[in-house]
Amino acid sequence: MRNNKRSFYSRIVRRFKLFMLVIYQKIRVLKYRILSDSQSFNSLAHCHQPVLMTGLGKISLGKCNLGVWPSPYYLSGYIHIEARDIESEVVIEDGVWISNNACIIAERTRVKIGKNTIIGTDFTVYDSDFHETHPTKRFSGQHQTSAVEIGENVFIGSRVTVLKGVKIGDNCVIASGAVVTQTMPCNCVIAGVPARVIKRLQSTDCFTDDLH
């Protein structure tokens, strides 16, 4: 009988904690929605984590999911989506899942994430260097920008960074911690800093030997 009572009380406590977690997160999501100042956005996204949308450009979110529970930074982080200049654009298509604490910035061009792509925590993608690399031109505002396109059905691990001008082909897998600095073909496993193709994905879902 005592065990039954303990089990009952434990269930009640767990449900209460879950209820409080849901309420707390809904308040956080609402706060960031109020703080968002994007001048042009269209969103069908389901926001499980706070999302700040900002900038003068266009943000277009399909039927995607932003934030994951349980996963790190769910209660402490947020997702930053920015189309900074008036001609810039961020596009996230249907079926995309982006985990917590992502940062997506299109400064002057376009960042696109294709359908059914899944992305781990601490993801970063930029279309810009933000500053000129030459030491005397750091604050000139003449730095380089170039559009980024991530294909469909891509699997991206945690702490991945994708830099300006990169195109990632459909069905790729990107290992955790990779820094992608160049365009990658379809159906590849990508890893490293800077990232490179280490394996090819076959139609049978088998791996070939390492590429050299």
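We did not get these values from a lab; they are worked out from the coordinates using the rules stated. Just so it is clear, the model here is predicted, and its values are computed rather than measured. A quick note on method: Cβ atoms are made from the backbone with ideal geometry, for glycine too, and the neighbour counts reach across all protein chains shown.
Think of region 1-126 as a dipole: +1 on every Lys or Arg Cβ, -1 on every Asp or Glu Cβ, centred on the Cα centre; then among Leu21, Asn65, Ser88, Leu21 lies furthest on the positive end. Using only side-chain charges placed at the Cβ, +1 for Lys and Arg and -1 for Asp and Glu, the dipole size of the chain relative to its Cα centre rounds to 1500 debye. Using 0.36 nm per residue and subtracting the Cα-Cα separation, the extra length available between Leu44 and Val193 on full extension is 50.2 nm. Other residues with beta-carbon under 15 Å from the beta-carbon of Val51 carry, at +1 per Lys or Arg and -1 per Asp or Glu, a net charge of +3. Taking θ as phi - 60° and the Karplus parameters 6.51, -1.76 and 1.60, the scalar couplings of region 80-90 work out to 10, 10, 9, 10, 5, 8, 5, 9, 7, 8, 10 Hz in sequence order, x denoting glycine and proline.
Listed values for region 138-148 are Karplus-derived 3J(HN,Hα) couplings in whole Hz (6.51 cos²θ - 1.76 cosθ + 1.60, θ = phi - 60°), namely 3, 10, 7, x, 9, 6, 8, 9, 7, 4, 10, and x replaces Gly and Pro. Farthest toward the dipole's positive end in region 36-200, which of Ala102, Ser176, Ile79, given Cβ charges of +1 (Lys, Arg) and -1 (Asp, Glu) about the Cα centre? Towards the positive end, the residue furthest out is Ser176. For the chain, the longest principal axis of the C-alpha atoms and the axis of helix 2-35 are separated by about 40°.
As a length-normalised measure over Cα pairs under 8 Å and 6 or more apart, the relative contact order of region 36-200 settles at 14 percent.
Can you sort Met20, Met184, Met53 by how many other beta carbons sit within 10 Å, fewest first? Walk me through the intermediate numbers first.
Working: Met20 10, Met184 22, Met53 25.
With the sparsest Cβ surroundings first, the list reads Met20, Met184, Met53.
Distance between the pseudo-spin-label points of Thr133 and Thr183 (7 Å out from Cα toward the beta carbon): 1.9 nm. Amide H to amide H distances under 5 Å link Val154 with Thr117, Ile118, Asn171, where only residues 5 or more positions off or on other chains count and H is placed in the peptide plane. Of the residues Phe41, Phe139, the one with the fewest other Cβ atoms within 10 Å heads the list, and the complete ranking is Phe139, Phe41.
Placing a pseudo-label 7 Å from each Cα along the Cα-to-Cβ vector at Lys63 and Val13 gives an inter-label distance of 4.1 nm.
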